[in-house]
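Working notes for the structure below.
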C-alpha cells in the first residue's frame with residue numbers, strides 16, 4: 001500500500017485502494033477489478049498505519065515494502081502446523097468475513113466492504129461459524145495430544 005493513499009490527518013481518515021504491488025515489487029496503477037475504492041480507516045487500525053520510517057510504503061522494512069514471499073512463508077508455515085491449505089489472501093479475507101458475519105454484520109454491508117459484485121460471494125462467509133471451527137480444531141489438537149500421550153506410555157512399558 002502506498003503511503004500517499006493513506007489519509008490519516010482527515011477528520012474521517014480513509015485509504016484509497018487504487019494500486020497493487022506486483023510480485024517483483026512494481027507498482028501497478030490498477031486493481032484486480034480496475035476500480036478505485038475508498039475505505040474508512042477505523043480507530044483499531046489507525047495506529048498501524050502511522051508512518052514508522054520515511055518511505056512511500058505503508059508497511060515496510062528498511063525502506064522497502066514487505067515482499068509477498070516473506071508473508072506467504074510465514075502464512076504457509078502456520079497453515080502447515082494447523083493442517084489446512086489456503087493461500088494468504090483468501091485466508092485473511094475469509095477469516096475477516098467469517099468473523100464479521102459471526103459478530104452480526106449485515107451481509108449487504110460486507111458485500112460493499114469487500115467490493116463483491118454478487119451476494120453469493122458473501123454467502124461463503126456465512127457458512128462458517130468461527131467458534132465452531134475453533135471447537136473442531138481444539139478437539140483435533142486434544143485428540144492428537146491424547147494419542148501422543150498414549151504412544152509415550154506404551155513406549156515406556
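The values are calculated or read from the model by the stated rules, or taken from the named source; none is laboratory data. Predicted model, so just to flag it, every value in this text is computed and none were measured. Every residue, glycine as well, gets a Cβ built from its backbone with ideal geometry; the counts of neighbours run over all protein chains shown.
Mind counting the residues in the range 17-42 that are within 24 Å of residue 53 (Cβ to Cβ) and either modelled with pLDDT of 80 or more or assigned to a loop (DSSP other than H, G, I, E, B) (or both)?
Residues of the range 17-42 within 24 Å of residue 53 (Cβ to Cβ): 17-29, 39, 41-42.
From the residues that got through so far, the ones that are either modelled with pLDDT of 80 or more or assigned to a loop (DSSP other than H, G, I, E, B) (or both) too are 18-19, 22-26, 29, 41-42.
Number of matching residues: 10.
Looking for something closer than 22 Å to residue 125 by Cβ and either surrounded by 10 or more Cβ atoms within 10 Å (Cβ to Cβ) or at pLDDT 80 or above (or both) - is there at least one such residue anywhere in the range 43-59? Talk me through it step by step, then tell me what you get.
Going through the range 43-59, the residues closer than 22 Å to residue 125 by Cβ turn out to be 44-45.
Adding the requirement that they be either surrounded by 10 or more Cβ atoms within 10 Å (Cβ to Cβ) or at pLDDT 80 or above (or both) leaves 45.
Among the residues of the range 43-59, at least one is closer than 22 Å to residue 125 by Cβ and either surrounded by 10 or more Cβ atoms within 10 Å (Cβ to Cβ) or at pLDDT 80 or above (or both), which makes the answer yes.
Could you say whether any residue in the range 5-28 is without any contact (Cβ under 8 Å) to a residue 60 or more places away in the chain and at positive phi?
Within the range 5-28, one or more residues are without any contact (Cβ under 8 Å) to a residue 60 or more places away in the chain and at positive phi.
In the range 95-118, how many are in a helix (DSSP H, G or I) and either free of Cβ contacts under 8 Å to residues at least 24 places away in the same chain or more than 24 Å from residue 36 (Cβ to Cβ) (or both)?
Final tally of qualifying residues: 13.
Just checking, which of 77, 121 is in a helix (DSSP H, G or I) and surrounded by fewer than 13 Cβ atoms within 10 Å (Cβ to Cβ)? Show your work before the answer.
Details: 121 fails: surrounded by fewer than 13 Cβ atoms within 10 Å (Cβ to Cβ).
Testing whether each residue is in a helix (DSSP H, G or I) and surrounded by fewer than 13 Cβ atoms within 10 Å (Cβ to Cβ) leaves just 77.
Output the qualifying pairs, or none if there are none: Cβ atoms under 6 angstrom, residues six or more apart or on different chains, first residue in the range 32-61 and at negative phi, second residue exposed (fewer than 10 other Cβ atoms within 10 Å of the Cβ) and modelled with pLDDT of 75 or more.
none
Could you please let me know if residue 72 is under 23 Å from residue 28 (Cβ atoms) and surrounded by 12 or more Cβ atoms within 10 Å (Cβ to Cβ)? Lay out the reasoning, then the answer.
On the way: under 23 Å from residue 28 (Cβ atoms): yes; surrounded by 12 or more Cβ atoms within 10 Å (Cβ to Cβ): yes.
It is true that residue 72 is under 23 Å from residue 28 (Cβ atoms) and surrounded by 12 or more Cβ atoms within 10 Å (Cβ to Cβ).
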